[in-house]
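*Asks:* Once you've had a glance at the structure underneath, I'll fire off some questions.
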Amino acid sequence: MNTNTFLKNTAITGLFVSLFIPLIVFNSSFFPFITGKNIAFRAITDIVFACWVILAVREPLFRPKKSWLTYAIGIFTACILVSDLLGPNPVKSLLSNFERMEGWITLIHFAMYYLVLTSIFTTQKLWERFFQVSILVSLITAVYGFFQLAGKIVINQGGARLDATFGNATYFAVFMLFNIFFAILCLLRAYHTPIKDKVRTFLLGYTAVAVVLDSIILFYTATRGTTLGLIGGLILAMLLIAIFEKEKMVLRKISAGILVCLVVVSGTLFLMRDSAWVKASPSLGRLTSITLADGHARFMVWGMAFEGFKEKPILGWGQENFNFVFNKYYNPGMWGQEQWFDRTHDIFFDWLISGGIVGLLIYLSFFVLALYYLWHKNRGFFNFSVTEKALLTGLLAGYFFHNIFVFDNLVSYMLFATLLAYLSRTGSEGEGCIGGTTEVASDIANSVWAPSVIVVLCVVLWVGSIRPMISGTALIDAIRPQASGATGNLESFKKVLDMGFAKPEIREQLMQTALAIQGANVDLKTKKDFVDLARAEFEKQLVEVPGDARYELFYGMFLNRLHLYDDALVHLKRASELSPKKQTIIFELASTYLGAGQYDQALPILKYAYELDPQYVEARIIYAIGALYTKNNTLATSLLKDIPAEQLATDDRLLGTYITLGNFAQVAEIWKFRVAQDPKNPQAHLSLAAAYLKAGRRADAVKEIQTTIDLNPALKQQGEFYINEIKAGRNP
């Protein structure tokens with residue numbers, strides 16, 4: 001085997017191996033469903049790309065074809081790099097974190113993946129095998145999903161929405177969406193391609209089974225946007241076939257029949273959405289219950305994103321920086337939702353924020369150019385039939401619709417890059433090569449290019465794959481119990497911080513661990529060392545990434561829990577300035593004022609938080625607590641009067657406030673309500689007795705203690721002692 005053949009085969013093997021990435025779950029790392037897949041993708045792509053570069057230098061045949069799609073991807077990658085470097089957090093924009101593992105480093109890997117695919121896959125057979133292996137992986141995950149459906153394997157994110165090895169139902173759903181269309185395409189190719197009967201029979205059965213099983217699993221992911229994308233994509237495909245298919249009348253009639261069935265079934269389900277059998281199915285119920293109200297939270301997030309776009313319309317904020325926009329333009333109506341959105345849950349708004357109007361337009365051009373190559377410039381080894389063009393158009397439409405409601409992930413990016421490479425390759429035959437066809441002298445290729453590529457490969461593997469993998473496993477070691485005790489955790493945190501990857505997430509975990517250790521059976525020196533390290537690291541964080549309300553808040557909360565109120569107020573005020581309408585920040589600021597005894601400072605800002613959205617019951621209760629501390633009982637009563645008694649009686653913050661203020665009559669009323677809800681709970685009766693005693697109702701206290709003894713005879717001796725003390729006029 002000569003060098004070129006070895007390089008080519010290695011690259012092809014790596015590309016096929018990459019198809020199995022969806023099966024990876026790296027349990028020993030932080031965010032196991034994310035990190036393992038992304039690290040594997042980066043490492044495989046790096047190796048494959050290195051082989052391809054050396055091969056392309058040696059053999060012009062494997063240089064990328066001239067293609068507008070290739071140019072667009074290159075321009076897009078460069079544009080986003082500029083946006084990332086100019087954004088408020090360039091390091092995160094470039095390298096991302098454990099939770100997402102995206103950033104520009106992943107974006108450039110997708111561009112590399114695309115280039116290798118479009119350059120190495122030069123035959124129809126390779127592309128067909130590639131899709132067939134992808135379908136195989138989808139079948140493996142489908143089987144996993146069926147085991148989840150049967151209750152034999154746990155659903156990782158809880159509930160009834162299948163997520164297989166993705167840990168997220170939406171990620172699983174879009175993977176199935178692509179493979180359903182790939183399977184239909186391969187089924188048609190197998191039917192029309194002259195191959196051996198046994199092979200044809202196998203491929204027809206294999207792809208037909210994949211279409212059915214993958215569709216069932218997609219349905220049980222209960223991902224509405226993706227399911228509707230599949231239905232809409234199929235409807236569009238069938239409509240195109242019915243209109244434009246002139247040669248194969250049988251296909252035209254079949255597509256018309258499928259089109260009618262899809263419309264009738266979809267319409268029937270919608271009309272019967274209130275029937276018992278539809279509501280009995282979580283997936284059907286979720287699919288047929290779509291209303292504008294369901295999208296209320298997304299609409300608010302999109303509104304914030306649009307405000308952020310208006311501030312930086314040309315090149316945007318850079319990747320991984322939507323949190324700055326979300327905090328600055330926070331809509332107070334989001335109080336019932338996740339408080340730290342780092343994505344807009346719409347890929348088009350995501351790119352509008354990350355790359356501005358320039359980035360979004362280039363991203364949209366991928367779809368336009370893909371359709372252009374598919375319908376108007378298809379002259380490669382796949383001379384698509386009308387049916388195949390229609391199906392691929394349906395896939396693009398379904399994926400486009402899916403992306404309106406969610407953001408992309410590693411696997412969907414991989415599949416989209418694959419589809420773009422496929423269409424680019426089939427539409428750019430005969431266009432010539434980028435870089436020309438001049439051969440490089442073998443001695444230069446061997447002595448200069450190959451060693452240089454290998455050196456760069458080693459550096460990239462270390463920065464992009466090995467270091468994040470080591471950091472992820474080291475972080476898990478730092479936060480779990482160790483044989484050497486808390487000192488071992490402390491040393492582990494120091495080591496993982498020295499590795500330099502995803503420091504903000506590590507610092508968050510350090511802070512949480514430091515707080516947990518304060519209440520543990522740990523020596524004072526270790527507790528202090530944890531606090532000192534956490535403070536030092538968060539001080540660095542605020543210097544490295546200024547203007548992030550999330551970290552100002554987290555640090556202020558940390559200091560508040562340590563009763564360092566003056567220091568906490570500095571950071572909480574800064575957080576409130578950065579995100580002036582976020583109630584959670586205001587609550588923490590007010591809590592710190594209350595802890596410091598500055599009650600008059602807390603009340604005005606609690607009033608402001610309440611007035612941001614009076615429908616927010618939590619804000620009403622906390623405002624009432626502030627009113628109680630300032631002796632404004634009339635205001636407190638007015639605020640609490642419309643809140644259900646059960647909610648008030650079960651709110652420990654109100655209970656704690658009444659205890660602190662010495663209002664034991666109200667404390668007794670709360671415990672009286674709780675006793676009524678759980679009359680056989682001896683501890684509840686004992687707490688009510690204590691409240692009665694503090695309120696001066698000694699006879700009632702004795703009665704409750706006697707009830708406690710009746711419920712739990714083991715408390716007889718202690719209870720009778722309390723009763724005797726009370727009857728003697730003393731407070732036990």
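*Asks:* Report yes if Lys152 is open to solvent by 60 Å² or more (accessible area, probe 1.4 Å) and part of a helix (DSSP H, G or I), otherwise no. Even if it seems obvious, please write down each step before you answer.
*Replies:* Details: open to solvent by 60 Å² or more (accessible area, probe 1.4 Å): yes; part of a helix (DSSP H, G or I): no.
So Lys152 fails the test.
*Asks:* Next question. Scan the range 323-350 residue by residue and report those that are under 17 Å from Ile404 (Cα atoms), open to solvent by 10 Å² or more (accessible area, probe 1.4 Å) and not acidic (Asp, Glu).
*Replies:* Phe341, Arg343, His345, Phe348, Phe349
*Asks:* So which residues in the range 214-223 are buried (at least 20 other Cβ atoms within 10 Å of the Cβ) and part of a helix (DSSP H, G or I), if there are any at all?
*Replies:* Narrowing the range 214-223 to residues buried (at least 20 other Cβ atoms within 10 Å of the Cβ): 214, 217-218, 220-223.
Residues satisfying the conditions are Asp214, Ile217, Leu218, Tyr220.
*Asks:* Going by the conditions given, is Ile47 at pLDDT 95 or above, within 21 Å of Val448 (Cβ to Cβ) and either part of a helix (DSSP H, G or I) or among the basic types (Lys, Arg) (or both)? Reasoning before the result, please.
*Replies:* On the way: at pLDDT 95 or above: yes; within 21 Å of Val448 (Cβ to Cβ): yes; either part of a helix (DSSP H, G or I) or among the basic types (Lys, Arg) (or both): yes.
Taking the combined requirement at face value, the residue satisfies it.
*Asks:* Across the range 309-342, what is the number of residues that are assigned to a loop (DSSP other than H, G, I, E, B) and either touching an Asp or Glu at 6+ places or on another chain (Cβ under 6 Å) or aliphatic (A, V, I, L, M) (or both)?
*Replies:* Final tally of qualifying residues: 5.
*Asks:* Here is a list of conditions, (1) open to solvent by less than 20 Å² (accessible area, probe 1.4 Å); (2) within 24 Å of the chain's Cα centre (by Cα), and Pro90 meets all of them except one; can you say which number that is?
*Replies:* Pro90 satisfies all of (1) open to solvent by less than 20 Å² (accessible area, probe 1.4 Å); (2) within 24 Å of the chain's Cα centre (by Cα) except (1).
*Asks:* In the range 503-533, how many residues are open to solvent by 10 Å² or more (accessible area, probe 1.4 Å) and within 30 Å of Gly103 (Cα to Cα)?
*Replies:* 9
*Asks:* What is the residue count in the range 188-213 for residues that are charged (D, E, K, R) and assigned to a loop (DSSP other than H, G, I, E, B)?
*Replies:* Residues meeting the conditions: 1.
*Asks:* Can you tell me which condition Gln717 does not meet? The list is (1) surrounded by fewer than 16 Cβ atoms within 10 Å (Cβ to Cβ); (2) modelled with pLDDT of 90 or more, and all the others hold.
*Replies:* Here Gln717 meets the rest and fails (2).
*Asks:* Looking at Thr418, Thr426, which one is of a type outside the set (A, V, I, L, M, F, W, C) and either surrounded by fewer than 16 Cβ atoms within 10 Å (Cβ to Cβ) or modelled with pLDDT under 85 (or both)? Quick ask: steps written out before the conclusion?
*Replies:* On the way: Thr418 fails: either surrounded by fewer than 16 Cβ atoms within 10 Å (Cβ to Cβ) or modelled with pLDDT under 85 (or both).
The conditions single out Thr426.
*Asks:* Does Ile231 satisfy the condition of being assigned to a helix (DSSP H, G or I), closer than 22 Å to Asp163 by Cβ and either in contact with a Leu (Cβ under 8 Å, 6 or more places away or on another chain) or of a type in the set (Ser, Thr, Tyr) (or both)?
*Replies:* Numbers: assigned to a helix (DSSP H, G or I): yes; closer than 22 Å to Asp163 by Cβ: yes; either in contact with a Leu (Cβ under 8 Å, 6 or more places away or on another chain) or of a type in the set (Ser, Thr, Tyr) (or both): yes.
In short, yes.
*Asks:* When you go through (1) part of a helix (DSSP H, G or I); (2) over 21 Å from Ala11 (Cα atoms) one by one for Phe26, which number turns out not to apply?
*Replies:* The single condition Phe26 does not satisfy is (1).
*Asks:* Which one of Tyr372, Tyr413 is farther than 27 Å from Pro313 by Cα, open to solvent by 20 Å² or more (accessible area, probe 1.4 Å) and either touching a residue at least 40 places away in the same chain (Cβ under 8 Å) or among the hydroxyl-bearing types (Ser, Thr, Tyr) (or both)? Walk me through it before giving the result.
*Replies:* Values: Tyr413 fails: farther than 27 Å from Pro313 by Cα.
After applying the criteria, what remains is Tyr372.
*Asks:* Just for the range 616-632: of the residues that are touching a residue at least 12 places away in the same chain (Cβ under 8 Å) and open to solvent by 40 Å² or more (accessible area, probe 1.4 Å), which one is farthest from Asp566 (Cα to Cα)? Spell out the reasoning first.
*Replies:* Start the filter on the range 616-632 by keeping residues that are touching a residue at least 12 places away in the same chain (Cβ under 8 Å), which leaves 616-630, 632.
Subsequent filtering for residues that are open to solvent by 40 Å² or more (accessible area, probe 1.4 Å) retains 617-618, 620, 632.
Values: Val617: 29, Glu618: 26, Arg620: 26, Asn632: 25 Å.
If we take residues in the range 616-632 being touching a residue at least 12 places away in the same chain (Cβ under 8 Å) and open to solvent by 40 Å² or more (accessible area, probe 1.4 Å), then Val617 is farthest from Asp566 (Cα to Cα).
*Asks:* Another question, if that's okay. Restricting attention to the range 270-315, report how many residues are open to solvent by 30 Å² or more (accessible area, probe 1.4 Å), at pLDDT below 95 and in contact with a Gly (Cβ under 7 Å, 6 or more places away or on another chain).
*Replies:* The number of residues fulfilling the criteria is 1.
*Asks:* In the range 652-703, which helices (runs of 4 or more DSSP H) lie fully inside it and hold 2 or more residues that are over 25 Å from Ala627 (Cα atoms) and either modelled with pLDDT of 90 or more or open to solvent by less than 70 Å² (accessible area, probe 1.4 Å) (or both)? Steps first, please.
*Replies:* Numbers: elements: 652-661, 664-677, 682-694.
By residue number, 664-677, 682-694.
*Asks:* Return yes when Arg200 is surrounded by fewer than 24 Cβ atoms within 10 Å (Cβ to Cβ), over 26 Å from the mean Cα position of the chain (by Cα) and without any contact (Cβ under 8 Å) to a residue 12 or more places away in the chain and no when it is not. It would help to see each step written out before you state the result.
*Replies:* Details: surrounded by fewer than 24 Cβ atoms within 10 Å (Cβ to Cβ): yes; over 26 Å from the mean Cα position of the chain (by Cα): yes; without any contact (Cβ under 8 Å) to a residue 12 or more places away in the chain: yes.
Yes; evaluated as a whole, the condition is true for this residue.
*Asks:* Now, a different point. Looking only at the range 487-502, count how many residues are at pLDDT 90 or above and open to solvent by less than 30 Å² (accessible area, probe 1.4 Å).
*Replies:* Residues flagged as at pLDDT 90 or above and open to solvent by less than 30 Å² (accessible area, probe 1.4 Å) within the range 487-502 amount to 7.
*Asks:* Would you point out which residue out of Thr637, Thr592, Thr584 is free of Cβ contacts under 8 Å to residues at least 40 places away in the same chain, of a type outside the set (A, V, I, L, M) and open to solvent by less than 70 Å² (accessible area, probe 1.4 Å)?
*Replies:* Working: Thr637 fails: open to solvent by less than 70 Å² (accessible area, probe 1.4 Å); Thr584 fails: free of Cβ contacts under 8 Å to residues at least 40 places away in the same chain.
Going through Thr637, Thr592, Thr584 in turn, the sole match is Thr592.
*Asks:* I'd like the full set of residues that are open to solvent by 10 Å² or more (accessible area, probe 1.4 Å), in a helix (DSSP H, G or I) and of a type outside the set (A, V, I, L, M, F, W, C), limited to the range 539-559.
*Replies:* Glu539, Lys540, Glu544, Arg550, Tyr551, Glu552
*Asks:* Still on this model: Determine whether Leu85 is in a helix (DSSP H, G or I), of a type in the set (A, V, I, L, M, F, W, C), modelled with pLDDT of 95 or more and open to solvent by 50 Å² or more (accessible area, probe 1.4 Å).
*Replies:* On the way: in a helix (DSSP H, G or I): yes; of a type in the set (A, V, I, L, M, F, W, C): yes; modelled with pLDDT of 95 or more: yes; open to solvent by 50 Å² or more (accessible area, probe 1.4 Å): yes.
Criteria met by Leu85.
*Asks:* Could you say whether any residue in the range 48-65 is free of Cβ contacts under 8 Å to residues at least 24 places away in the same chain and surrounded by fewer than 22 Cβ atoms within 10 Å (Cβ to Cβ)?
*Replies:* The answer is no; no qualifying residue exists.
*Asks:* Tell me which residues, restricted to the range 1-41, are open to solvent by 30 Å² or more (accessible area, probe 1.4 Å) and closer than 21 Å to Val133 by Cα.
*Replies:* Selection gives Lys8, Asn9, Thr10, Thr13, Phe16, Val17, Phe20, Leu23, Ile24, Val25.
*Asks:* Select from the range 596-637 the residues that are assigned to a loop (DSSP other than H, G, I, E, B) and either among the polar types (S, T, N, Q) or touching a strand residue (DSSP E or B) at 6+ places or on another chain (Cβ under 7 Å) (or both) and list them in ascending order.
*Replies:* Of the range 596-637, the ones assigned to a loop (DSSP other than H, G, I, E, B) are 596-598, 613-616, 630-632.
Scanning the range 596-637 gives Gln598, Gln615, Thr630, Asn632.
*Asks:* Moving on to the next point. Any idea which residue in the range 102-125 is surrounded by the most Cβ atoms within 10 Å (Cβ to Cβ), counting only those that are closer than 16 Å to Phe16 by Cβ and of a type in the set (Val, Ile, Thr)?
*Replies:* My answer is Val116.
*Asks:* So Ile454 passes all but one of these: (1) open to solvent by 60 Å² or more (accessible area, probe 1.4 Å); (2) at pLDDT 90 or above. Which condition number does it fail?
*Replies:* Every condition holds for Ile454 apart from (2).
The values are calculated or read from the model by the stated rules, or taken from the named source; none is laboratory data. Computed from a prediction, not measured in an experiment: that's the story for all the values here. No Cβ is skipped: glycine too gets one built from the backbone with ideal geometry, and neighbour counts run over all protein chains shown. The accessibility values were calculated without ligands, DNA or RNA, using every heavy atom of the protein model including side chains. Shrake-Rupley method; radii C 1.70, N 1.55, O 1.52, S 1.80 Å.
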